[in-house]
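Q: Got a structure for you, questions after.
The values are calculated or read from the model by the stated rules, or taken from the named source; none is laboratory data. Please read these numbers as outputs of a predicted model, since none were measured by experiment. All Cβ positions, glycine included, derive from the backbone under ideal geometry; neighbour counts span all protein chains shown. Only protein heavy atoms, including side chains, enter the accessible area calculation; ligands, DNA and RNA are left aside. Shrake-Rupley method; radii C 1.70, N 1.55, O 1.52, S 1.80 Å.
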Amino acid sequence: MQFLKNSLIILLALFVITSGCARKPSLIMGDYFIIVKNGTPQCSIVIPENCIPSVKYASEELQKFIKEMSGAEIPIITDASPVQGKEIILGKSKRLENIDYKIDWENLGEEGYNLLVTKDNIIIAGGEPRGTLYGVYGVLDDHLGCRWFTPTVSRIPKMETIALPALNEIFIPPLEYREPFTMDGFIDGDWCARNRANGNTCRLEEKHGSKIIYYGFVHTFDALVPPEKYFDTHPEYFSMVDGKRIKERTQLCCTNEEVIQLVIEEVKKWMREHPEAKVFSVSQNDWYNFCQCPKCSALATAEDSQMGPLLYLVNSVARAVRDEFPDKVIDTLAYQWSRKPPKTMRPEPNVIIRLCSIECCFAHPFESCVSKQNRDFVKDVEGWSQICNRLWVWDYVTSFSHYLVPFPNLEVRAPNIRFFVKHNVTGIFEQDTYTTLHGEFNELSAYLNAKLLWDPAYDDKLAITEFVDAFYEDAGPYIMEYLKLIHKPTQKREIHMNIWVGPNGKHITPDMLKQAEIIFDKAENAVADNPEVLERVKVARLSIDYTIMERARKRDTDMKMKNEDPTMVSRAKRFFEIAERNNVTQYRESNGSIADYKKIIEEWLGTTL
Ligand SMILES: [Zn+2]
Ligand SMILES: [Zn+2]
């Protein structure tokens, strides 16, 4: 062990240790740790004798992918056994006691890691429960070029010799909560872990180090104080609208002290019954009708925001639960009517404000879009960032009325996430197509979001080109051409795009559709002898078929289209065949089954498809 100690001391004297969230590895040229040489293992992986499941899983993942890359199987041992040559040391290992280097565990938190490479050892020391596993993916992804694009398409480079240069790297994710809410991603826990997403919907298990678990994810007022149970005896618990308490589509009267007590008791009950959950939502129902009673109105006026009464309730709950449940937090929405930050009130430290961007334009970055919606939103983000110590965001990346319509916003993902992080946002939920597989470019969308949420500085263009190259193979150049084509119209400052935009949106032009058809023909041709990839191209093409059909149908209410455009029937046929074959079950967020849509199109075309 002495040789190890000496070499580390020499190396460490030269290192500049990084801190915070930036990844700035210090490199010493010339020194390498050799993991595999000519297909033969050169080291062991060491895990703590009694390690948490995610560290054990980290060792298995490292072993698995090194083997996939090189054919060599690195043995896994525990730190109860003596040192046998060079080692990759994972987690809170006893081995670290003999090394003259201090891991700052506290700074690493739950998910950060310190990766230290010398010529004799690799140390991957991560906070618990997920840091060490993330550190292993850091080695595989950031340093060895592995990528997990979709649950089934990866890039695992082949190499007979695998080595890492000496380096010392600390990475602590700037976002504590990272949720790419895309069905094509969250259905697969391994994909989520490998891309280091940790959100509530991600199908992560204990071996992945679990995730951020919510109880009551959103819009919980009705669940906390059900109008069916209380309205008839206590109408004063609910919203007064135009002088009358309302039972239907109501909110809570947030300043009523009995309501506050009921909410406190219910939240405490949730916390006792759901020890696995960390975040508990006390949030408005998904409609307007906030309470206009004299007390609520006075507070809203004084705070110049409807957040006033809402935060009065939420803060009261937060204060009432913090002693019994110090590690749990209360989440509320700053959404639509409650979005504006209050004038003088401040969220308690155990409150998360989840600010929603629902009104915005997503064709342009928040900061550079000239629309009033985006300028107002930017103002609210700035306001909240100054008064809230735990600001999370609920953001949107698709059209919820038309999952398949071209929604050119890939170029705004990075600037928007960076804008949030710059304003102290520490959690982001990216609401995407979540009720079906294969909305418009959803695999790419999920991947891009996951990469940027983990590391907002990640090169978004690299993520897109690597993805397209791997997923569409020989059709990749055409898909890139198509993506460029659909992003072109919104380069104009005045063409905005909200989250309900449809096939007749100004961001789509007839000429664009014509060119898209030519590009997709070429793309299909390029992979004609590769059925799996051809199918992916056809799925991407659903967007254009959907848009052409919908534009024609909306124009053509007297059902003459069938005669005017003989391609329409075959287009519709192919659309539904491909959608059904690939489990595209919904074409919009609510009440939008593909089966129902098929009936609509059949009726329009006057034929059975
Ligand atoms: Zn009220
Ligand atoms: Zn805009």
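Q: First check a/c for region 440-529, with a ≥ b ≥ c the square roots of the eigenvalues of its C-alpha gyration tensor; if it is under 1.5, answer rounded, and if not, answer prolate when a/b is larger than b/c or oblate otherwise. Could you put the intermediate results ahead of the total?
A: Working: a/c = 2.14, a/b = 1.04, b/c = 2.06.
Verdict is oblate for region 440-529.
Q: Where the only charges are on Cβ atoms (+1 Lys, Arg; -1 Asp, Glu), what is the dipole of the chain about its Cα centre, to the nearest 20 debye?
A: Working: 73 positive and 86 negative charges, 181 e Å.
Roughly 880 debye, rounded to the nearest 20.
Q: Using R₀ = 41 Å, calculate the FRET efficiency as 1/(1 + (r/R₀)^6) where r is the Cβ-Cβ separation of ASN582 and LYS67; round to 0.05.
A: After rounding, the FRET efficiency stands at 0.80.
Q: Just report the Cα centroid separation between region 378-395 and region 215-280, whole Å.
A: What the calculation gives is 25 Å, centre to centre.
Q: What is the distance, in nm, between label points placed 7 Å from the Cα along the Cα-to-Cβ direction at LEU462 and at ILE76?
A: About 2.9 nm, to one decimal.
Q: A further question on this structure: What spacing in nm lies between the two simple spin-label points modelled at GLN373 and LYS269, each 7 Å away from Cα in the Cβ direction?
A: Label-label distance for GLN373 and LYS269, simple model: 3.9 nm.
Q: Karplus couplings for region 478-495 from phi (6.51 cos²θ - 1.76 cosθ + 1.60, θ = phi - 60°), rounded to Hz, Gly and Pro as x?
A: Per-residue couplings from phi come out as 6, 5, 4, 4, 5, 4, 5, 4, 6, 8, 6, x, 7, 5, 6, 4, 8, 8 Hz.
Q: Quick one: order LYS229, LYS268 from most to least accessible surface, probe 1.4 Å.
A: Details: LYS229 140, LYS268 35 Å².
Listed by decreasing accessible area, they come as LYS229, LYS268.
Q: In addition: For the chain, give the percent of accessible area contributed by carbon and sulfur heavy atoms, probe 1.4 Å, rounded to a whole number.
A: On the way: 12430 of 24500 Å².
The nonpolar share, carbon plus sulfur, comes to 51 percent.
Q: How much length, in nm to one decimal, is gained on full extension between ASP242 and GLU258, taken as 0.36 nm per residue of separation minus their Cα-Cα distance? Could the numbers behind the result be given before it?
A: Working: separation 16, 0.36 × 16 = 5.76 nm, distance 2.22 nm.
Net length gain for the segment: 3.5 nm.
Q: Please calculate how many Å² of accessible area region 256-332 carries per residue, with a 1.4 Å probe and no DNA, RNA or ligand atoms counted. Intermediate results must be reported in sequence, preceding the final value.
A: Working: 3140 Å² over 77 residues.
Averaged over the residues of region 256-332, the accessible area is 41 Å².
Q: List, in the order given, every pair from LYS522/LYS598; LYS278/LYS340; LYS56/LYS211 whose Cα-Cα distance in the structure shown is over 21 Å.
A: Working: LYS522/LYS598 27 Å; LYS278/LYS340 26 Å; LYS56/LYS211 17 Å.
Listed pairs above 21 Å: LYS522/LYS598; LYS278/LYS340.
Q: Still on this structure: Please label the shape of the chain as rounded, prolate or oblate, based on the square roots a ≥ b ≥ c of the eigenvalues of the alpha-carbon gyration tensor (a/c under 1.5 means rounded; beyond that, a/b larger than b/c means prolate, else oblate).
A: On the way: a/c = 2.15, a/b = 1.17, b/c = 1.83.
Judged from the Cα gyration tensor, the chain comes out oblate (a/c at least 1.5, b/c at or above a/b).
Q: While we're here: Any idea what the relative contact order of the chain is, in percent, if you count C-alpha pairs under 8 Å spaced at least 6 apart? Numbers along the way, then the final one.
A: Working: 1200 pairs, mean separation 67.4, N = 609.
Once divided by the residue count of the chain, the mean separation gives 11 percent.
Q: Which one of LEU116, TYR215, VAL225 has its Cα pushed farthest toward the positive end of the charge dipole of region 102-229, where Lys and Arg give +1 and Asp and Glu give -1 at the Cβ?
A: Of LEU116, TYR215, VAL225, it is LEU116.
Q: Quickly estimate the mean residue ellipticity at 222 nm for the chain, helices only: each DSSP H run with n ≥ 4 gives -39500 (n - 2.57), and the total goes over all residues, rounded to 500.
A: Details: 21 runs with 242 residues, N = 609.
It lands at -12000 deg cm²/dmol.
Q: Also: Which FRET efficiency, nearest 0.05, do ASN50 and THR509 yield, Cβ-Cβ r, R0 45 Å?
A: Working: r = 63 Å, r/R0 = 1.40.
In this case the efficiency is close to 0.10.
Q: Still on this structure: Between THR435 and SER154, what length comes free when the chain is fully extended (0.36 nm per residue of separation minus the Cα-Cα distance, one decimal in nm)?
A: So the extension gain works out to 98.7 nm.
Q: In Å², and per residue, what accessible area does region 462-601 have when probed at 1.4 Å with the other protein chains present? Intermediate results must be reported in sequence, preceding the final value.
A: Working: 7000 Å² over 140 residues.
Accessible area per residue: 50 Å².
Q: Relative to the present Cα-Cα distance, how much length would full extension add between HIS143 and LYS573 at 0.36 nm per residue of separation? Intermediate values should be presented prior to the final figure.
A: Details: separation 430, 0.36 × 430 = 154.80 nm, distance 4.62 nm.
My answer for the length gained is 150.2 nm.
Q: If you don't mind, there's one more thing I want to ask. How far apart, in nanometres, would the label points at GLU524 and GLN84 be if each is projected 7 angstrom from Cα along the Cα-to-Cβ direction?
A: 5.7
Q: Over region 88-213, average the accessible area per residue using a 1.4 Å probe and give it in Å², no decimals. List each step's numbers first, then the result.
A: Values: 3790 Å² over 126 residues.
Counting only protein heavy atoms, the per-residue value for region 88-213 is 30 Å².
Q: Give a quick list of GluC sites (Glu not before Pro) in region 37-86 that DSSP marks as loop, anything other than H, G, I, E or B, with at most 13 other Cβ atoms within 10 Å. It would help to have the intermediate numbers written out before the result.
A: On the way: sites: GLU49, GLU60, GLU61, GLU68, GLU73; in loops: GLU49, GLU73.
When the GluC sites (Glu not before Pro) of region 37-86 are filtered for loop state and at most 13 Cβ neighbours within 10 Å, GLU49, GLU73 remain.
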